[in-house]
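**Q** Would you mind keeping the following structure in view while I ask a few things?
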Amino acid sequence: MKRSLFGRLWPNVTALVLFAGFVFPVYWMFATAFKPTGDIIAEDPVWFPTDVTLDHFRTAVAADHFWTFVTNSLTVTVLAVVFSLIIALAGSFALARMRFRGRRGFVIGFMVAQMAPWEVMIIAMYMIVRDASMLNSLVPLTAFYMMMILPFTILTLRGFVAAVPVELEEAAMVDGCTRMQAFRRVILPLLAPGLMATSMFGFITAWNELPLVLVLNKDAEAQTLPLWLTSFQSVFGDDWGATMAASSLFAIPILVLFVFLQRRAVSGLTAGAVKG
């Protein structure tokens, strides 16, 4: 009886401990954003704000080029995700449905590209963009973000395409559909969980990326929100209230995206991991 009770309790206790460990930094970030400065610099930790203030959010939003950074981040992130999904749909369908020489090598190549740290190529990326006279431009930034997202997107969607019975596609073609129409009307609707999962991963990856924009875009008009987070540091110290408020604003789009896509995204990640 005791052993059975322990067997039921320890997974729940472990899950609660892990949940608290992951959630506490997020709570501390949001709580600090609403604390007055006195609570932030107090010698003893103040677990709950004694007086809620929005001054730190006003300071963050009032930073130079804030709305330019927001526009740039949304532009490069959304375009990178959309383009990567379009290319990945075609690539994943080819890898899952077609048999051609070198197919296994393509898959291994995508896996290696996904595992390899792209930071090792940042110097080569800079030289390419510099030689093309495209520094301080959002175009190469979007292209590089798309390439960072593409291997994972193709590998994940390949599992979903392979999981769709080929008989459904053949039946649609027998009924008069072309291969493209069969893909659009039969396969594409069944790929919705995979599309949600990969789009969320791609959005998070591009939204959070800092080193590349730091190297390629020195002009403030072409920078993104991750660099905006560094603007609250100075030789006089860190403005922790404004930094936490800025971090909270930076995290809100990801949280909103996850709330809307969580069911399909979770099922998509788990299904894509075991199929194909």
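**Q** Residue by residue through the range 220-229, which ³J(HN,Hα) values in whole Hz follow from phi under the Karplus form 6.51 cos²θ - 1.76 cosθ + 1.60 (θ = phi - 60°), with glycine and proline marked x?
**A** Values per residue, Gly and Pro as x: 4, 5, 10, 9, 10, 5, x, 6, 4, 5 Hz.
**Q** When ligands, DNA and RNA are left out and all protein chains stay put, how many square angstrom of accessible area per residue does the range 96-178 have with a 1.4 Å probe?
**A** Each residue of the range 96-178 exposes 60 Å² on average to a 1.4 Å probe.
**Q** Does the range 104-167 come out rounded, prolate or oblate by the C-alpha gyration tensor, with a ≥ b ≥ c the root eigenvalues, rounded set by a/c under 1.5 and, if not, prolate when a/b is larger than b/c and oblate if not?
**A** Because a/c hits 1.5 or more and a/b exceeds b/c, the range 104-167 counts as prolate.
**Q** Let me ask something else. Could you give each residue of the range 241-257 its phi-based ³J(HN,Hα) in whole Hz, using Karplus coefficients 6.51, -1.76, 1.60 with θ = phi - 60°, and x for Gly or Pro?
**A** Along the range 241-257, the couplings run x, 5, 5, 5, 5, 5, 5, 5, 5, 5, 7, 4, x, 5, 5, 5, 4 Hz.
**Q** In whole percent, what relative contact order does the chain give with Cα contacts below 8 Å and a gap of six or more residues?
**A** In percent, rounded to a whole number, it is 30.
**Q** With a ≥ b ≥ c taken as the square roots of the eigenvalues of the C-alpha gyration tensor of the range 1-154, please select rounded if a/c is under 1.5 and otherwise prolate if a/b is larger than b/c or oblate if it is not?
**A** It comes out oblate by the Cα gyration axes.
**Q** Mind ordering 148-161, 170-183, 82-95 by average Cβ neighbours within 10 Å, highest first?
**A** Ranked from most to least packed, the peptides come out as 148-161, 82-95, 170-183.
**Q** Can you tell me how the chain classifies by the Cα gyration tensor, rounded, prolate or oblate, using a/c under 1.5 as the rounded cut? If you can, show how the numbers build up before the last one.
**A** Values: a/c = 2.39, a/b = 1.37, b/c = 1.74.
It is oblate, given that a/c is not under 1.5 and a/b is not larger than b/c.
**Q** Residue by residue, what Karplus-based ³J(HN,Hα) values in Hz, rounded to whole numbers, does the range 23-35 have, using 6.51, -1.76 and 1.60 with θ = phi - 60° and x for Gly and Pro?
**A** 7, 4, x, 5, 4, 5, 4, 5, 5, 5, 4, 9, 7
**Q** Here's another thing I want to ask about it. What ranking do 43-49, 200-206, 61-67 get when scored by the average of other Cβ atoms within 10 Å per residue, highest first? Intermediate results must be reported in sequence, preceding the final value.
**A** Details: 43-49: 9.6, 200-206: 20.7, 61-67: 12.7.
So the order, starting with the most tightly packed, is 200-206, 61-67, 43-49.
**Q** With a 1.4 Å probe and all protein chains left in place, how much of the accessible area of the range 8-139 comes from carbon and sulfur atoms, in whole percent?
**A** On the way: 6380 of 8860 Å².
Its accessible area is 72 percent carbon and sulfur atoms.
**Q** Moving on to the next point. How far, in nm, would the chain grow between Ala62 and Leu74 when pulled straight, counting 0.36 nm per residue and subtracting the alpha carbon separation?
**A** Between Ala62 and Leu74, full extension yields an extra 2.4 nm.
**Q** Now a separate question. What does the helix-only formula give at 222 nm for the chain: each DSSP H stretch with n ≥ 4 adding -39500 (n - 2.57), the total divided by the residues, and the result rounded to the nearest 500 deg cm²/dmol?
**A** Working: 13 runs with 200 residues, N = 276.
Rounded to the nearest 500, the figure is -24000 deg cm²/dmol.
The values are calculated or read from the model by the stated rules, or taken from the named source; none is laboratory data. Here the structure is a predicted model, which means the values were calculated and not measured. Glycine gets a Cβ as well: all are built from the backbone with ideal geometry, and neighbour counts include every protein chain shown. With ligands, DNA and RNA removed, areas are computed over all heavy atoms of the protein, side chains included. Shrake-Rupley method; radii C 1.70, N 1.55, O 1.52, S 1.80 Å.
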